[in-house]
Every structure is written in structure tokens, then in C-alpha cells.
Amino acid sequence: MASGSTDRVDCARLAEDAAVLERVYALSELPRLQDLLADARGSVRARFAFSKLEAGRAGAMVAVQAAPRLVCQRCLQGFELPVTSDSEIEFAMSEADTSVDSPREIYLMDEGSVSLRDLAEEELLLALPAIASCSTPEACGRAPSSEERQRPFSVLQDLLKKT
Ligand SMILES: [Zn+2]
């Protein structure tokens, strides 16, 4: 779908224009997300509102909305987790170029441009839990019981059967 070249945008120019861009990416297009997904169905909706910051820097408000199917780390079943996230981003040429006291997330540009897809992927990854699990014990296919904690090997066997 979106090729790398057309997805790259010039941050300074968009900030000058106060451009607002909206994109939808299939979750299957986001390489860093794949290990977390139970399956790659679905998409992420992203909104980028560019603005000029102090000292002529380029910034953007990045917002994402998605409902990826993650793998529960308790029951190893797929479950849908609706997430929304937004961050204030400040674009910088290099680590050395960043303003120390910026309240914003620093995002490094590649020769003045960034990939909107990468930016959306980064924001979505920030929104996901470090350890995914079904939101309620009732929904979880197999919450660890006291019995299982005493029998770790049977749990391990179950894990092996699923791979
Ligand atoms: Zn679960």
C-alpha cells in the first residue's frame, strides 16, 4: 500500500502550513507491531496536526486510534484491545539538537523528513501495555489459578502444545 517515498513528509514545510493530515494504515503494514499481534486484522487511524514551535522548530500533535488483537500473556488467546493515544512531538535533526527542557516527545528526522507510518506506529506502540492480558478475569480464557501456580510443569506443557 503506502510506499515509503510517498509516506515521507517534510516536517518544516508542514509546520509552516500548520497542516493537518489523516491517514489509515492496516496493522499488517506496521512491522514493529507484528510480534504483539494475535492476528494482523484491523487498522490504525492516525491524525497529525503540525505546528511551528518556538525557535522555528517543527512540531506535531500525533493521535492514533486502533483496536489491535493482542495475545493475552495469561491465556495466550487473542483479544481485542481498543486504544487511543496522543502525544506532542517535537522534531529534531539529531539528539544533540534537542532542546533540553522540552515537554514534548523528541522524534528524530531523517534529513528533515519523517515517515508518517513510522510515526503512527511509534505512537501506537506507546499506547500498548508492556504485558498484554485480557481486561477482566471473566473474559480471560485461563487466568492462573492457585492450582496452576503449584503445577508449573503442566502449564509449560500446555504452552508447548500451542506452539
Ligand atoms: Zn487472557
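Are any residues in region 125-142 outside any helix (DSSP H, G or I) and open to solvent by 40 Å² or more (accessible area, probe 1.4 Å), and if so, which ones?
Residues satisfying the conditions are 129, 130, 131, 133, 135, 136, 137, 138, 139, 141, 142.
What number of residues within region 57-77 are of a type outside the set (A, V, I, L, M, F, W, C), part of a strand (DSSP E or B) and either near the ligand (Cβ under 9 Å from one of its atoms) or under 17 Å from residue 44 (Cβ atoms) (or both)? Reasoning before the result, please.
First pass over region 57-77, keeping only residues of a type outside the set (A, V, I, L, M, F, W, C): 57, 59, 65, 68-69, 73-74, 77.
Restricting the remaining residues to those that are part of a strand (DSSP E or B) gives 59, 65, 69.
Add one more test, that the residue is either near the ligand (Cβ under 9 Å from one of its atoms) or under 17 Å from residue 44 (Cβ atoms) (or both), and what stays is 65, 69.
Result for region 57-77: 2.
Take residue 108 and decide whether it is surrounded by fewer than 16 Cβ atoms within 10 Å (Cβ to Cβ), closer than 30 Å to residue 17 by Cα and free of Cβ contacts under 8 Å to residues at least 24 places away in the same chain. Break it down stepwise before answering.
Numbers: surrounded by fewer than 16 Cβ atoms within 10 Å (Cβ to Cβ): yes; closer than 30 Å to residue 17 by Cα: yes; free of Cβ contacts under 8 Å to residues at least 24 places away in the same chain: yes.
In short, yes.
With the checklist (1) within 16 Å of the ligand (Cβ to nearest atom); (2) modelled with pLDDT of 75 or more; (3) outside any loop (DSSP other than H, G, I, E, B) in hand, flag the one item residue 148 doesn't pass.
Here residue 148 meets the rest and fails (2).
Just one of the numbered conditions (1) β-branched (Val, Ile, Thr); (2) touching a Cys at 6+ places or on another chain (Cβ under 8 Å); (3) without any contact (Cβ under 8 Å) to a residue 40 or more places away in the chain is not true of residue 89; which one?
For residue 89, the failing item is (2).
Are any residues in region 78-124 within 16 Å of the ligand (Cβ to nearest atom) and not in a loop (DSSP other than H, G, I, E, B), and if so, which ones?
78, 79, 80
Pairs under 9 Å by beta carbon, first residue open to solvent by 20 Å² or more (accessible area, probe 1.4 Å) in region 60-85, partner within 16 Å of the ligand (Cβ to nearest atom) and aromatic (Phe, Trp, Tyr), six or more apart or different chains?
Going by the 9 Å Cβ cut-off, the qualifying pairs are 69/79; 71/79.
The values are calculated or read from the model by the stated rules, or taken from the named source; none is laboratory data. Since this is a predicted model, take the numbers as computed values, not measurements. Note that each Cβ is placed from the backbone with ideal geometry, even for glycine, and that neighbours are counted across all protein chains shown. Just the protein is used for accessible areas: all its heavy atoms, side chains included, with ligands, DNA and RNA removed. Shrake-Rupley method; radii C 1.70, N 1.55, O 1.52, S 1.80 Å.
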